[in-house]
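See below for the structure under consideration.
The values are calculated or read from the model by the stated rules, or taken from the named source; none is laboratory data. Not measured: the values here are computed from a predicted model. Because the Cβ atoms are built from the backbone with ideal geometry, glycine has one as well, and the counts that use them run over all protein chains shown.
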Amino acid sequence: MNPTPIEIVATVLFAVAVLHTFAAKKIESLAHHYPEGSIRENLFHFLGEVEVIFGLWAGVFIILYSFLSGFTIYDNHHHLMAGAVYYLESLNYTEPVFVFVIMCMAGTRPVILFAEKLILMVAKMIPLSEKTSFYISALVLGPLLGSFITEPAAMTVTALILLDYFYSNKGMSSRFKYATLGLLFVNISVGGTLTHFAAPPVLMVAGKWHWGMGHMMSHFGYKAALAIVLCTLAAAFIFKNELKGKLEIKQGHDNILKPTWWITLIHLFFLALVVYTSHHMVFFLGLFLFFLGFIAVTGEYQDEPKLKESLLVGFFLAGLVTLGDQQAWWLQSVLKSLGDLPLFLGATGLTAITDNAALTYLGSLVELSDSAKYNLVAGAVAGGGLTVIANAPNPAGYGILKDAFPGGISPLGLIAGAIGPTIVVCLFFQLLP
């Protein structure tokens, strides 16, 4: 390993950003020591926003990059430009932009109400109490839909439904909220493995390794589906007292205009087109602009688009891309040195402090055996629920649900909620044929 000064700086800042993530709740609490509306109060609120952290430290990195690489260089076409600009243009920001767009689109009233109807329909087939059946249906069907509508869309829809029907209920304990959050993150992470195009860590390697839908279903999909069902049933049993009784219909559902069938159909059509063109940023951004025009025209049937929340999540992921690209110098060496089981366990652990898509991408640059490929991806998706940075859709769920936790979401609370489902998924991936 011979890292460059820029790589060392990026790794130090990446570590600082990870530590900042764990300290965000404490930093947020400092804001209460200052007068409301003051600059210092607003500053600590800002520094305590998890979605801001990686973008903020990526900005620091870009400033330092400019000093280290020079303020002016020539690119391949002999155009004079800033070194940091050249670096930024060498990165691929398609995924952060896609998550921003899909989160906005999936969070609209027609899409949410359509998903609720599907979940209610499945819930009626489960011979348990109304509330328990809906809980199980949402946490099984929502994540599995991620294999077809992509994980970020599934996370947005499922998190919004959980917010409306469970997290908004003041009677739900903090233990229930953290356990459900951890379960949601783990289920979403593995729920996209039924196909080769929906889960970011799979998407990074599927083309190079020639993994199609058949391969994903036979090696990952059925194991993930069984683990999701088992973990969700276990959570429903553990919290059976809190899930007793009838489902409380979301407040406000009775006094809003229900979208017509054709409005819902057009939303789903736009959603499908964006998913289909998810690798072509220019095209799906154009579609998104047309979509914004459509929801403006049908405003009576819409809620306010979640632009700010979605932009913050996109900013988080863009910061992760900017800093994560410079971690290859140590990550690749670690991946190459591990055997199959250590690789699986190492990938599960490393995913908690790095984005799992970045982890599998770096693994794809190394010559690996078929069993090593399986263990790398299996570990990456298994550990995708442990932290907010572990899986690209997690910041979307975090942003939607964070206000339901007094004082914000505790990183240790999230790990505690996710560790049980993570262990179950690990066992299924290792023990099932």
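Based on this model, can you work out whether L376 counts as part of a helix (DSSP H, G or I), more than 26 Å from V16 (Cβ to Cβ) and assigned by TED's automatic domain parsing to the domain that holds Y165?
Yes: the conditions hold for L376.
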Worksheet item: Given the conditions (1) free of Cβ contacts under 8 Å to residues at least 60 places away in the same chain; (2) assigned to a helix (DSSP H, G or I); (3) of a type outside the set (S, T, N, Q); (4) surrounded by fewer than 22 Cβ atoms within 10 Å (Cβ to Cβ), which single one is not true for P127?
Response: (2)
Discussion item. I need a count of the residues in the stretch 379-401 that are more than 20 Å from L341 (Cβ to Cβ), outside any loop (DSSP other than H, G, I, E, B) and not aliphatic (A, V, I, L, M).
Written reply: 5
Item to complete: Keeping to the stretch 257-294, report how many residues are of a type in the set (V, I, T), farther than 22 Å from E151 by Cα and either loosely packed, with under 13 Cβ neighbours inside 10 Å or at pLDDT below 95 (or both).
Response: 1
Fill in: the stretch 402-416, residues that are farther than 13 Å from A159 by Cβ, part of a helix (DSSP H, G or I) and either over 16 Å from the mean Cα position of the chain (by Cα) or free of Cβ contacts under 8 Å to residues at least 40 places away in the same chain (or both)
L412, G413, A416
Worksheet item: Counting just the residues of the stretch 130-166 that are of a type in the set (S, T, N, Q) and within 17 Å of the chain's Cα centre (by Cα), which one comes out surrounded by the fewest Cβ atoms within 10 Å (Cβ to Cβ)?
Response: S147
Worksheet item: What number of residues within the stretch 4-51 satisfy the criterion of being over 25 Å from the mean Cα position of the chain (by Cα) and surrounded by 15 or more Cβ atoms within 10 Å (Cβ to Cβ)?
Response: 7
